[in-house]
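Structure first, commentary second.
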Amino acid sequence: MSSLMVKRADKFDIEINTIASDKSISHRCAIFSLLSDKPSTVKNFLRAEDTLNTLEIVKKLGATVVDEGDTIHITPPKELKEPADILDCGNSGTAMRLFMGFLASQEGFFVLHGDQYLASRPMRRVADPLRKIGAHIDGRVKGNLSPIAIRGAKLNGYEYDSPIASAQVKSAMILAALHAQEMSILSEPRLSRDHTERMLLGMGAEIIVEKGKIKILPLTSPLRALNITVPSDPSSGFFFAVAAAIIPESRVVIQDVSLNPTRIEAYKVLQKMGANIAFIEKEEVYEPIGDIVIQYGTLEAVDVKENIAWLIDELPALSIAMAVAKGVSRVQNASELRVKESDRISTVVENLNLCGIDAKEHEDGYEVVGGAFLQDTAVNSYGDHRIAMSFAIAGLLNGIKIEDTECINTSFPNFISLLQEISEVQSGN
Ligand code: S3P
């Protein structure tokens, strides 16, 4: 099991144009390419374990992938292939849930599986509404846990009010609706990240978003192919944003990153805490893209209880800023954190405590008493990439050792080399 030692960093001023490509968009590029009959062209596809697994699945379903280095061409099969093997989603809940929605209507038998962490994450949030419209889906523990078995079936149109603001649930249901018999209408309690709607609209799908409701018409012909350059991932960039926000006199520019409003809320919270942040929009391709400049500022505590779906992935890194900020910060309405790659309420609080920070768990969040010295200590990632990278950033203050860091490769393989531009970092076993 690999580990990472991070030493205390001095002030830094860097521009980064190699933040990992967006994970959510890369998954969708691979999966949505199957909705066209022409080759899709994807530049800057994220080459990390999660998204490469998704690309492998797309190949097992019959697509041909030509890899030209920075650009890949995905040619969909004339007819989807029934794979002879299981489809391995690795660590990715996004892959498993989106494929459930997509495969539910496809002819054939499909088994989705993943690693030990994914195998304990709830799938009924997608399986239940899909079963209600005719899908044949089963899995362990009453159809909740993987392996998930799907026998493609005819699906009915639906009206579904999702009880959770989850882009994975929404996307799975939209994908199912594209191959349903009638029009479908979907709503969610609050808007979750909307890459699926934006990309499918760009491909020509008939999706109408009106007053919080999404109407989806079944496909009558294949969609246009994708032609896209995947922007950098704001969630990955956020680790370096926090680094600049907590180290006096530091500054970082995160280049060519998605500025989709459903993805940059954590930067806005960091700005509210006192960091100096500027958003510079440069272009709009499916969604706004540009640079984010983050400069150190004295941080004050903050309460985070709104727009949780827009910053759910950044909460572990934000907790490091909370540990540095003056006062008591609180996170509420965030029980979704408990079903991420780890139970992030418990892993964040446990690791902050190990760093000497007074933090307490609540059912739907946590509170952090900021301002104390962050001790050089050893923490565990619990196999969760965002926990590993968040605490690596914490270590920039006074040093840290993180155990179990291979998981960083699921989303951000060049994280360590970028961190080395700021500090001394050693990998070990
Ligand atoms: C994702 C949606 C979010 C997010 C995950 C990626 C996506 O999950 O946490 O990392 O690509 O749709 P939920 O939709 O379950 O909240």
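The values are calculated or read from the model by the stated rules, or taken from the named source; none is laboratory data. Keep in mind that what you see is a predicted model, and the values were worked out from it rather than measured. As a convention, Cβ positions derive from the backbone with ideal geometry for all residues, glycine included, and neighbour counts pool all protein chains shown. The accessibility values were calculated without ligands, DNA or RNA, using every heavy atom of the protein model including side chains. Shrake-Rupley method; radii C 1.70, N 1.55, O 1.52, S 1.80 Å.
Per residue, what accessible area does the stretch 199-269 have, given a 1.4 Å probe and all protein chains present, in Å²? Before the final figure, lay out each step's value.
Values: 2420 Å² over 71 residues.
On a per-residue basis, 34 Å².
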request  = State whether the stretch 341-429 is rounded, prolate or oblate according to the following rule on the C-alpha gyration tensor (a ≥ b ≥ c being the square roots of its eigenvalues): a/c under 1.5 gives rounded; otherwise a/b larger than b/c gives prolate, and the remaining case gives oblate.
outcome  = oblate
note = With all protein chains present, the chain has a carbon and sulfur share of its accessible area (1.4 Å probe) in percent of 47 percent
request  = Calculate the dipole size of the chain relative to its Cα centre from +1 charges on Lys and Arg beta carbons and -1 charges on Asp and Glu beta carbons; express the result in debye to the nearest 20.
outcome  = 960 debye
query = Which whole-number value in Å² is the accessible area per residue of the stretch 11-57, probe 1.4 Å?
reply = 33 Å²
message = Restricting to DSSP loop positions (anything but H, G, I, E, B) with no more than 10 other Cβ atoms inside 10 Å of their own Cβ, which trypsin sites (Lys or Arg not before Pro) remain in the stretch 53-126?
response = LYS78
ask   = Given +1 on the Cβ of Lys and Arg, -1 on the Cβ of Asp and Glu, and no further charges, what dipole in debye does the stretch 23-229 carry about its Cα centre, rounded to the nearest 20?
value = 440 debye
ask   = In deg cm²/dmol, rounded to 500, what helix-only [θ] at 222 nm does the chain give when every DSSP H run of at least 4 residues adds -39500 (n - 2.57) and the total is split over its residues?
value = -8500 deg cm²/dmol
inquiry  = Here is the link list: LYS11/LYS401; LYS154/LYS215; LYS268/LYS305; LYS59/LYS340. Which ones come out longer than 23 Å on Cα distance?
reply    = LYS59/LYS340
message = Name the residue from PRO147, SER105, CYS89 whose Cα lies farthest towards the positive end of the charge dipole of the stretch 88-185, charges +1 on Cβ of Lys and Arg and -1 on Cβ of Asp and Glu.
response = PRO147
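Let's see if you can work this out: charge +1 on each Lys and Arg Cβ, -1 on each Asp and Glu Cβ, no other charges. What is the dipole magnitude of the stretch 1-104 about its Cα centre, in debye to the nearest 20?
That gives a dipole near 180 debye.
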request  = Counting other Cβ atoms within 10 Å, keep those with at most 12, restrict to DSSP loop, and tell me which GluC sites (Glu not before Pro) in the stretch 209-268 are left.
outcome  = GLU249
message = Rounded to the nearest 5, what % of DSSP beta bridges with both residues in the chain are antiparallel?
response = 75 percent
query = When ranked by the protection proxy of mean other Cβ atoms within 10 Å per residue, highest first, what sequence do the peptides 98-110, 369-381, 131-143 form?
reply = 98-110, 369-381, 131-143
query = With every protein chain left in place, what is the accessible area per residue of the stretch 280-319 in square angstrom, probe 1.4 Å?
reply = 40 Å²
Qualifying aspartates and glutamates (Cα of each under 14 Å from Cα of LYS23; at least 8 residues distant if same chain) = GLU49, ASP50, ASP194, ASP233, ASP313, GLU314
Cα gyration tensor shape of the stretch 23-229, rounded if a/c is under 1.5, else prolate or oblate by comparing a/b with b/c = rounded
key: Of every Cα-Cα pair in the chain, the percent that sits beyond 38 Å   = 19 percent
